[in-house]
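Step one of this worksheet: look at the structure below.
The values are calculated or read from the model by the stated rules, or taken from the named source; none is laboratory data. Here the structure is a predicted model, which is why all the values come from computation and not from measurement. Using ideal geometry, Cβ is built from the backbone for each residue, glycine included, and neighbour counts are taken over all protein chains shown. With ligands, DNA and RNA removed, areas are computed over all heavy atoms of the protein, side chains included. Shrake-Rupley method; radii C 1.70, N 1.55, O 1.52, S 1.80 Å.
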Amino acid sequence: MYVGRFVVVSPEGGAYRVSSRSFPNRQISEREDALTVGPTEDAPETDNPYVAYNCLRVVETPADGETVAFGNGSHVDPIAEKLELGYPARDALAESLLALDYEKDDYDTPRIAATISDDGEALIGTVRKDALIVKPVEEPTLVATYEKDSPEPIDFAAESASEAAREAYDLEFEHAVCAAGVSLTDDGFETALENGN
């Protein structure tokens, strides 16, 4: 089954995976303040605005805590910025998803995102052509851009960021390209990436 890009989130961690039929020549790279999806060196040139973006950011909040935001597009940045300003995670997700709306491509691709705070509060959200959904999660939950575009439980047992990235990459959905993982540890959030090589 092809579900496109997806996020998995739980109070302990989560993952984001790029799955793509149209733009498979992409990878995730680590920058100082984000994990970023972008084209590989051998990727054909494209003017598609949805191919490169920050997919995961860990930010400090005014309450001296950390929250991670991750998702499938440029909405990750405003979510992270609102969290840094002290917005509740629910508001940061809802306002950013609503403001940027679903992707105006041939498929009306939904935007998907998740947050986890260092006190274990986890939320998942999506904006589709017909709905905006933001909900708290207590167990591993998945939302994807296609087929599974409403949050649903999933078996996901990763205990570290690297395991989360690998497990997301290995899930049996078609056309895996790359994945990012995040895990809440005693020392804060750890992140990892999996480019399938």
Can you tell me how many residues in region 90-104 are open to solvent by less than 10 Å² (accessible area, probe 1.4 Å) and in contact with a helix residue (DSSP H, G or I) (Cβ under 7 Å, 6 or more places away or on another chain)? 3
Counted residues in region 135-146 being more than 14 Å from the chain's Cα centre (by Cα) and over 10 Å from Ala114 (Cβ atoms) come to 5
How many residues, within region 128-148, are out of contact with any Ser or Thr (no Cβ under 6 Å at 6 or more places or on another chain), open to solvent by less than 80 Å² (accessible area, probe 1.4 Å) and closer than 16 Å to Tyr2 by Cα? 4
Can you name the number of the only condition in (1) assigned to a loop (DSSP other than H, G, I, E, B); (2) under 21 Å from Val137 (Cβ atoms); (3) touching a residue at least 12 places away in the same chain (Cβ under 8 Å) that Tyr87 fails? (3)
Taking region 36-70 and keeping only residues that are without any contact (Cβ under 8 Å) to a residue 40 or more places away in the chain and of a type in the set (A, V, I, L, M), one is left with Ala43, Val51, Ala52, Val59, Ala63
Just one of the numbered conditions (1) modelled with pLDDT of 95 or more; (2) open to solvent by 80 Å² or more (accessible area, probe 1.4 Å) is not true of Tyr169; which one? (2)
What are the residues in region 105-127 that are surrounded by 15 or more Cβ atoms within 10 Å (Cβ to Cβ), more than 14 Å from Gly71 (Cα to Cα) and not polar (S, T, N, Q), if any? Asp118, Glu121
Do we find that Ser96 is polar (S, T, N, Q) and part of a helix (DSSP H, G or I) in this structure? yes
Cβ contacts < 9 Å: first residue at positive phi, restricted to region 112-126; second residue of a type outside the set (Gly, Ala, Ser) and in a strand (DSSP E or B), any location; separation 6+ or different chain. Result? Gly120/Leu184
